[in-house]
Amino acid sequence: MSLWEGEFGDEYTKRNAILPNRKRFWAKRMRELKPETVLEVGANRGFNTYWIHKAKPQTQIWAVDLNRAALHLLHITQPTVGIECADVVNLPFKDHYFDLVVTVGLLIHLRPSAVPFAVKELGRVCKRYLLIAEYYNETWEMIPYHGKKNALWKGPYNEVVMRELWSSEKNAGFLTQADGFDRVTWWLYER
């Protein structure tokens, strides 16, 4: 069982109960990209799917997470979002199905050796756009996280995506708590 499937993941979900205001970021992305289908991998309670839906209600949205308690809460609060309990390296969707695939703070919880496999799987289900938001660092750095080792990494996520999938990004930026995020760098790639 993964760390995130059990009690550790349940505690994470409990700690992160307040919906951050990410309206401005997602409204701008939805206006620019106009996706009809969106997948968020590592969705937890659905803090991104909530704002994606608010920005473009007619969009078909799916959420994937390993933690069933988080998915249950997401389903209660956002019943129109499709949910799947799955791992990022084995997504239960057809190739190139989603116009936009999103991860926010997911890749940081994988060991560096697993990141290329996750990135390839994200690319497999992505039809047009991939947006990732992670803690960037030029080299891999393990950060102890709530008493656990190998549960959080800062790293060169952009470089992995460019090596494994696409050679350059379409857009990028930095998001702070004022944006509703926890000081992450985001990158948008287009197929």
Of the residues that make up segment 2-15, is at least one assigned to a loop (DSSP other than H, G, I, E, B) and out of contact with any strand residue (DSSP E or B) (no Cβ under 9 Å at 6 or more places or on another chain)? yes
Number of positions in segment 141-173 that are of a type in the set (A, V, I, L, M, F, W, C), in a loop (DSSP other than H, G, I, E, B) and surrounded by 14 or more Cβ atoms within 10 Å (Cβ to Cβ): 4
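Residue by residue, here is whether (1) of a type outside the set (A, V, I, L, M, F, W, C); (2) within 21 Å of D179 (Cβ to Cβ) holds:
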{"site": "T13", "(1), (2)": "yes, no"}
{"site": "R22", "(1), (2)": "yes, yes"}
{"site": "K34", "(1), (2)": "yes, no"}
{"site": "V38", "(1), (2)": "no, yes"}
{"site": "Y50", "(1), (2)": "yes, yes"}
{"site": "R68", "(1), (2)": "yes, no"}
Which is touching a residue at least 60 places away in the same chain (Cβ under 8 Å), in contact with a strand residue (DSSP E or B) (Cβ under 7 Å, 6 or more places away or on another chain), crowded, with 18+ Cβ neighbours inside 10 Å and closer than 29 Å to E32 by Cα, of V81, V102? V102
Residues of segment 1-44 being without any contact (Cβ under 8 Å) to a residue 12 or more places away in the chain and in contact with a Ser or Thr (Cβ under 8 Å, 6 or more places away or on another chain), in sequence order, are none
For segment 107-128, does any single residue satisfy the condition of being under 17 Å from D65 (Cα atoms), within 13 Å of the chain's Cα centre (by Cα) and part of a loop (DSSP other than H, G, I, E, B)? yes
Kindly evaluate N48 against the criterion of being out of contact with any helix residue (DSSP H, G or I) (no Cβ under 6 Å at 6 or more places or on another chain) and surrounded by fewer than 21 Cβ atoms within 10 Å (Cβ to Cβ). no
Is there a residue being closer than 30 Å to G147 by Cα and assigned to a helix (DSSP H, G or I) anywhere in segment 32-48? yes
Just the residues that are closer than 15 Å to R29 by Cβ and either of a type outside the set (A, V, I, L, M, F, W, C) or assigned to a loop (DSSP other than H, G, I, E, B) (or both), please, taken from segment 58-91. T59
Quick one: is N44 under 14 Å from the mean Cα position of the chain (by Cα) and within 24 Å of E190 (Cβ to Cβ)? no
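Read-outs: derived from the displayed coordinates by stated rules, not from any lab. All figures in this text were calculated on a predicted structure; none of them were measured in a lab. Because the Cβ atoms are built from the backbone with ideal geometry, glycine has one as well, and the counts that use them run over all protein chains shown.
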